[in-house]
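Working notes, beginning with the structure itself.
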Amino acid sequence: MRRALLALAIGGGCGGQEAPPPPSPVPPLFHFTEETVPTVVWCGRKEKPHLLESGGSGLALFDYDGDSDLDLYVVNGWRLDGDKVVEKGRNALWRNRGDGTFEDVTDSAGVGDDGWGCGVAVGDVDGDGDPDLFVTNFGRDVLYVNRGDGTFARAPDPPGIDGWSAGAVFLDADGDGDEDLFVGAYIDCTLDEVLHAKPTLDWHGAKVMLGPFGLTGKRNAYFENAGGGRFVEATGKAGLTDVGAYFSFGVMALDLDGDLDLDLYVANDSNPNYLYRNEGKGRFKEVGLWSGAALDAGGAAQAGMGVGAGDVDGDGDPDLLVTNFEKDATTLYRNDGRCLFADVSEASGVKAPTYAPLSWGTALEDFDLDGDLDIFIANGHIYPQADALPDAGTSYAQANLLLANRGDGRFTDASRDAGPGLSVVRSSRGVAAGDLDNDGDIDLVVSNVDATPTILVNGTVRRGRWLLVDAPGARKVTVEAGGRRWTRHEVRGGSFCSASDPRFHFGLGKVDAIDRVTVTWPDGSEQAIRDAAPDRIVRVARNP
Amino acid sequence: MKRSHVFAALAAMALFAFAQETSRPAVETYGSIADSILATKAAEKGIVKTILDGHKHAAEGAMRRGDHEAVAANMALFANEGDNAVGGIRKRLLEGGHHHNADGEAKGIYEPGYVVVTVEAKKQCLAAAMAYGKATTDAERKKAFEEFEAVAAKLLAG
């Protein structure tokens with residue numbers, strides 16, 4: 001029997017069963033419809049007595065078969081009942097057929113790991129030009145090496161952490177041309193502790209899961225690619241020792257200080273975030289505290305969950321976004337250059353709409369193609385008990401958020417009239433963003449706890465033209481058109497335990513032509529493309 | 001129940017069987033433990049002040065060398081009552097239920113686990129560190145460092 005098919009009405013606005021939206025004085029800024037991926041993502045018991053059952057899992061959008069469209073990898077956890085494991089959810093790979101349908105190719109590709117999955121990283125570990133997969137688990141992590149024929153080989157001795165590892169990212173940290181691996185870890189616990197956990201923390205008169213305080217943090221780890229499929233643990237040598245054993249979740253690699261090597265940013269729950277500045281040749285220095293990107297404007301550590309980055313104010317450098325726990329707003333750090341950041345959450349309008357929900361994965365993308373980056377944030381509480389506690393003033397399932405950039409780096413909550421896709425209310429976690437249908441706008445996939453993931457198909461009225469630059473290995477791409485200039489940066493990992501479309505996407509606003517596209521490679525060399533036209537996908541291979 | 005626990009329980013029962021007051025040896029032992037706890041708390045404050053003093057001196061030394069990044073870093077580490085390794089120790093103490101300034105935490109004066117640096121002082125020192133890091137002239141740096149020094153001196157004297 002043919003595997004399940006997922007029909008996607010691409011850009012078609014398939015909200016036929018939805019009630020018409022109420023009249024609005026201004027036209028809605030965005031419109032997303034909802035589709036689902038028929039893979040139920042499990043995470044423990046309904047009552048969630050242990051913190052492990054709160055985390056959910058991530059997703060990856062990547063082109064595993066080289067057919068120029070994005071395929072989807074869904075990480076899955078386990079379902080528990082009482083002190084028993086009743087189902088080991090399998091990860092799933094959904095191949096994009098390119099015609100608006102996805103098919104489940106998990107078995108033929110050989111990537112259906114049934115460990116308790118948390119996150120996923122995409123990278124080319126063997127340098128053969130196709131993307132490989134690294135899956136973080138509660139337990140042994142897994143490395144799937146892409147054979148290039150639609151199948152993967154499971155590495156017999158993968159790098160990783162045996163325990164609860166969360167976000168992970170591949171990056172060429174030492175500039176030797178191959179991809180190294182950083183793995184964030186959260187809590188040190190055993191399956192026995194998880195299976196026998198009882199809710200012990202008082203919360204609005206109910207007992208809920210304990211943590212993270214009261215549980216022991218697990219240390220992050222870094223693995224240097226030694227070639228030939230071999231990774232060597234080199235955390236201390238690289239200056240990445242997790243001295244505080246902080247509770248790490250989202251991790252991301254990008255060039256934050258403009259020197260073209262990849263720095264690392266780690267969101268820590270209830271502890272200062274780490275900003276590891278790459279000093280070159282694989283040595284990092286933790287500069288989070290004095291750089292201004294570790295704490296909020298009040299000097300307090302927040303409960304970091306997910307991370308995102310992008311040039312929200314159009315000044316050419318990437319700004320940082322960190323999602324946090326409820327009543328602890330999402331923080332937008334403006335990049336002021338020289339690796340210095342300022343918390344502008346309040347002034348930018350990000351703080352108010354993000355204060356109440358508990359936030360996880362995120363994406364900074366130009367969803368309406370008007371030439372600036374908007375923000376999507378996935379929300380969901382960790383305590384199911386919230387639904388029975390009116391005093392808590394919250395709920396386990398929460399609506400996601402879409403913040404529209406007004407064009408100057410200030411944001412307005414535009415979630416309300418953004419179509420049926422933004423009306424979905426679940427307990428969401430991982431988010432991956434990308435142009436699923438290659439139509440020029442950015443779609444989203446959201447992982448939900450104990451439910452199927454949601455695909456948010458972007459059917460927003462276009463406020464401009466677009467360009468999608470597929471330049472594997474490029475550090476950044478700059479586009480000049482209509483007297484404006486946009487820079488998009490290579491961002492690896494990020495969101496919550498997820499990996500998004502690696503291509504560089506530009507909304508251009510109302511332009512007639514593109515003057516110049518400049519691709520910058522890690523060694524600083526630049527490659528100009530002068531004949532690029534709007535509304536196209538441009539593929540750029542590095543000049544020999 | 002282990003055999004040693006049984007013996008201890010029997011001994012305690014024997015001690016209290018005829019007495020109308022807590023046994024003197026138990027009171028004395030507890031008194032000694034209290035002395036140790038209080039001494040440890042004072043020692044905790046002492047080591048944190050030493051850490052802070054170290055960062056202040058490191059900032060001053062870096063300023064003399066013209067290493068502006070190290071100045072800003074040490075000002076921020078002062079604000080944070082030490083680096084992330086110290087933060088890890090603080091986390092461990094909190095996980096074990098130890099709050100040096102429990103009352104001050106309840107009143108919002110101290111962050112959980114902080115010993116010397118108040119919430120307000122932390123904000124001021126971090127703001128000064130950021131201002132120092134972003135400064136482009138010596139005058140701006142001098143102003144930022146003086147703001148830091150004033151807060152630091154008060155904390156170290158307290």
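The values are calculated or read from the model by the stated rules, or taken from the named source; none is laboratory data. All values reported here derive from a predicted model rather than from experimental measurement. All Cβ positions, even for glycine, are placed from backbone atoms using ideal geometry, and neighbour counts span all protein chains on display.
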Notebook entry, point to check: Within region A:491-498, can one find any residue that is without any contact (Cβ under 8 Å) to a residue 40 or more places away in the chain and touching a strand residue (DSSP E or B) at 6+ places or on another chain (Cβ under 6 Å)?
Noted result: no
Notebook entry, point to check: Any idea which of A:Asp328, A:Asp368 is charged (D, E, K, R), more than 28 Å from A:Gly211 (Cα to Cα) and not in a strand (DSSP E or B)?
Noted result: A:Asp368
Next item on the list: Taking the residues in region B:144-154 that are surrounded by fewer than 22 Cβ atoms within 10 Å (Cβ to Cβ) and of a type in the set (A, V, I, L, M) as candidates, determine which candidate is nearest to the other protein chains (Cβ to nearest Cβ).
Entry: B:Ala150
Note to self: All but one of (1) of a type outside the set (Ser, Thr, Tyr); (2) within 14 Å of chain B (Cβ to nearest Cβ); (3) closer than 21 Å to A:Ile382 by Cα hold for A:Gly299; state the number of the condition that does not hold.
What the structure shows: (3)
Notebook entry, point to check: Is it true that A:Asp311 is free of Cβ contacts under 8 Å to residues at least 24 places away in the same chain and among the charged types (D, E, K, R)?
Noted result: no
Next item on the list: Quick one: in region A:97-115, of everything that is more than 22 Å from the chain's Cα centre (by Cα) and of a type outside the set (D, E, K, R), which residue is farthest from A:Phe152 (Cα to Cα)?
Entry: A:Gly100
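One line per residue, one yes/no per condition, for (1) of a type in the set (A, V, I, L, M); (2) touching a residue at least 12 places away in the same chain (Cβ under 8 Å):
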site	(1), (2)
B:Glu81	no, yes
B:Arg90	no, yes
B:Gly96	no, no
B:His99	no, yes
B:Glu105	no, no
B:Ala129	yes, yes
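Quick one: how many residues across region A:79-103 are at negative phi and in contact with a helix residue (DSSP H, G or I) (Cβ under 9 Å, 6 or more places away or on another chain)?
10
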Note to self: Which condition from (1) among the charged types (D, E, K, R); (2) assigned to a loop (DSSP other than H, G, I, E, B); (3) closer than 17 Å to A:Tyr276 by Cα is the one that A:Asp149 breaks?
What the structure shows: (3)
Margin query: Criterion first (closer than 28 Å to A:Arg219 by Cα, in contact with a Ser or Thr (Cβ under 9 Å, 6 or more places away or on another chain), facing another protein chain (nearest Cβ under 8 Å) and not β-branched (Val, Ile, Thr)) does B:Lys91 satisfy it?
Written below: yes
Notebook entry, point to check: If a residue has to be within 14 Å of another protein chain (Cβ to nearest Cβ), surrounded by fewer than 24 Cβ atoms within 10 Å (Cβ to Cβ) and closer than 30 Å to A:Arg465 by Cα to count, how many in region A:333-366 make the cut?
Noted result: 4
Note to self: Just to be sure before I move on: is A:Leu369 of a type in the set (A, V, I, L, M, F, W, C) and crowded, with 24+ Cβ neighbours inside 10 Å in the structure I sent?
What the structure shows: yes
Check: Would region A:328-346 turn up any residue that is at pLDDT 95 or above, within 17 Å of the chain's Cα centre (by Cα) and over 22 Å from B:Ala129 (Cα atoms)?
Finding: yes
Next item on the list: State the number of residues belonging to region B:126-143 that are within 12 Å of chain A (Cβ to nearest Cβ) and either of a type in the set (Ser, Thr, Tyr) or in a helix (DSSP H, G or I) (or both).
Entry: 10
Notebook entry, point to check: Can you tell me which residues in region A:189-205 are in contact (Cβ under 8 Å) with a residue 40 or more places away in the chain, surrounded by fewer than 16 Cβ atoms within 10 Å (Cβ to Cβ) and either under 26 Å from the mean Cα position of the chain (by Cα) or farther than 22 Å from A:Ser57 by Cβ (or both)?
Noted result: A:His196, A:Lys198, A:Trp203, A:His204, A:Gly205
Check: So which residues in region A:255-303 are small (Gly, Ala, Ser) and within 23 Å of A:His489 (Cβ to Cβ), if there are any at all?
Finding: A:Gly258, A:Ala267, A:Gly280, A:Gly282, A:Gly288, A:Ser291, A:Gly292, A:Ala293, A:Ala294
Next item on the list: Residues that are at pLDDT 95 or above and under 20 Å from the mean Cα position of the chain (by Cα): find the strands (runs of 3 or more DSSP E) completely inside region A:425-499 holding 3 or more of those.
Entry: A:428-434, A:443-448, A:454-458, A:465-470, A:484-489
Note to self: Any residue that is surrounded by fewer than 20 Cβ atoms within 10 Å (Cβ to Cβ), part of a loop (DSSP other than H, G, I, E, B) and facing chain B (nearest Cβ under 10 Å) - is there at least one of those in region A:255-275?
What the structure shows: no
Next item on the list: Any residue in region A:511-535 that's more than 13 Å from A:Thr478 (Cα to Cα): show its pairings with residues that are of a type in the set (D, E, K, R) at Cβ separation under 6 Å, as long as the two are six or more apart or on different chains.
Entry: A:Val511/A:Arg465; A:Pro522/A:Arg475; A:Pro534/A:Arg465; A:Asp535/A:Arg465
Check: Do any strands (runs of 3 or more DSSP E) entirely within region A:184-237 hold 1 or more residues that are farther than 30 Å from A:Asp391 by Cα and in contact with a Ser or Thr (Cβ under 8 Å, 6 or more places away or on another chain), and if so, which?
Finding: A:221-227
Check: Would you call B:Thr118 over 16 Å from the mean Cα position of the chain (by Cα) and of a type in the set (Val, Ile, Thr)?
Finding: no
Margin query: So, in region B:49-107, exactly how many residues are closer than 30 Å to A:Gly214 by Cα, in a helix (DSSP H, G or I) and acidic (Asp, Glu)?
Written below: 3
Checklist line | Residue in region B:64-76 that is under 17 Å from A:Gly244 (Cα atoms) and either more than 9 Å from chain A (Cβ to nearest Cβ) or free of Cβ contacts under 8 Å to residues at least 60 places away in the same chain (or both) present | finding: yes
Note to self: Name the single residue that is farthest from A:His505 (Cα to Cα) among those in region A:310-325 being charged (D, E, K, R), under 20 Å from the mean Cα position of the chain (by Cα) and outside any strand (DSSP E or B).
What the structure shows: A:Asp317
Check: Going by the structure shown, is B:Ala34 in contact with a helix residue (DSSP H, G or I) (Cβ under 8 Å, 6 or more places away or on another chain), more than 24 Å from A:Ser248 (Cβ to Cβ) and more than 9 Å from chain A (Cβ to nearest Cβ)?
Finding: no
